[in-house]
Every structure is written in structure tokens, then in C-alpha cells.
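Enquirer: This is the structure I have questions about; it appears just below.
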Amino acid sequence: MSDAPDYLMEHARRTIREARKLPLGPEKFWLRHIGSVYHLLAKQGAYSNVSFLDDYRSVKKVEDDLRKCSKVMRFPG
């Protein structure tokens with residue numbers, strides 16, 4: 001992967017795959033929601049819009065906070 005949209009798209013896929021493995025509940029809902037935001041950011045980044053990086057940082061912080069609160073393990077890599 002050479003650029004940010006590819007990275008974000010892969011991150012979206014991994015987050016959504018991880019959410020699919022969880023039982024129904026708020027953690028699953030929020031991880032899927034975060035994955036869809038990563039997907040939208042990847043689309044936005046594909047149009048060479050650099051301002052999406054601030055949005056990425058915000059989503060990343062929310063994801064990390066969710067993982068701390070719910071004890072959901074971070075996927076490797």
C-alpha cells in the first residue's frame with residue numbers, strides 16, 4: 001500500500017471484519033460505525049483532499065477510546 005486512501009481502506013476492512021466477530025452489543029455497533037467512517041475517509045482521500053487527515057485523527061482517537069473502555073482487543077498489524 002503506497003498511499004493514504006489504500007491504508008484507510010485496509011483499516012476500514014479490518015475494523016469491520018473485527019466487528020463482525022463480536023456478539024451483538026454497543027462495541028459491535030461502534031466498531032462497524034468507525035469502519036464505515038474509515039471507508040468514507042478513504043473515498044475522500046482518493047480525491048487528493050488533504051483535509052481528511054484531521055478527520056482521520058479524530059476517528060482514530062474515538063476508536064482507541066472505545067477499545068480502552070470496552071476492553072476490545074486491537075487487531076494485529
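Enquirer: Under a point-charge model restricted to the Cβ atoms of Lys and Arg (+1) and Asp and Glu (-1), what is the dipole moment magnitude of the range 4-73 relative to its Cα centre, in debye to the nearest 20? Numbers along the way, then the final one.
Expert: Numbers: 14 positive and 9 negative charges, 69 e Å.
Taking the Cα centre of the range 4-73 as origin, the dipole is about 340 debye.
Enquirer: Ordered by residue, what ³J(HN,Hα) values in Hz, to whole numbers, does the range 4-19 give under the Karplus form 6.51 cos²θ - 1.76 cosθ + 1.60, where θ = phi - 60° and Gly and Pro are x?
Expert: My calculation for the range 4-19 gives 4, x, 5, 4, 5, 5, 5, 5, 4, 4, 5, 5, 5, 4, 5, 5 Hz in order.
Enquirer: When only the heavy atoms of the protein chains count and the probe is 1.4 Å, how do S58, S70 rank by accessible area, highest first? It would help to have the intermediate numbers written out before the result.
Expert: On the way: S58 70, S70 30 Å².
Heavy-atom accessible area, descending, gives S58, S70.
Enquirer: Oh, and also: Need one number: the % of Cα-Cα pairs in the range 4-73 sitting beyond the 13 Å mark. Display every interim value, and only then the final one.
Expert: On the way: 1484 of 2415 pairs.
I get 61 percent for the Cα pairs in the range 4-73 exceeding 13 Å.
Enquirer: In the full protein assembly as shown, how much of E27 is accessible to a 1.4 Å probe, in Å² to the nearest 10?
Expert: Number for this one is 60 Å².
Enquirer: At a probe radius of 1.4 Å, what is the per-residue accessible area of Y7, in Å² to the nearest 10?
Expert: Taking all protein chains as shown, Y7 has close to 110 Å².
Enquirer: If you don't mind, another one. Using 1/(1 + (r/R0)^6) with R0 = 25 angstrom and r between the beta carbons of R57 and F29, what's the FRET efficiency to the nearest 0.05? It would help to have the intermediate numbers written out before the result.
Expert: Numbers: r = 22 Å, r/R0 = 0.88.
Plugging the Cβ-Cβ distance into 1/(1 + (r/R0)^6) gives 0.70.
Enquirer: What list of ³J(HN,Hα) values in whole Hz, one per residue of the range 27-38 in order, does the Karplus curve 6.51 cos²θ - 1.76 cosθ + 1.60 (θ = phi - 60°) give from phi, with Gly and Pro shown as x?
Expert: Taking θ as phi minus 60°, the curve returns 4, 5, 4, 6, 5, 5, 5, 4, x, 5, 5, 4 Hz for the range 27-38.
Enquirer: Ranked from the most accessible area to the least, with a 1.4 Å probe and all protein chains present, what is the order of K68, K43? Working shown, then result.
Expert: Details: K68 145, K43 105 Å².
Largest accessible area first, the residues go K68, K43.
The values are calculated or read from the model by the stated rules, or taken from the named source; none is laboratory data. No experiment lies behind these values; they were computed from the predicted model shown. Here the Cβ is made from the backbone with ideal geometry for all residues, glycine too, and neighbour counts use every protein chain on show. Calculation scope for accessible area: heavy atoms of the full protein, side chains included, ligands and nucleic acids excluded. Shrake-Rupley method; radii C 1.70, N 1.55, O 1.52, S 1.80 Å.
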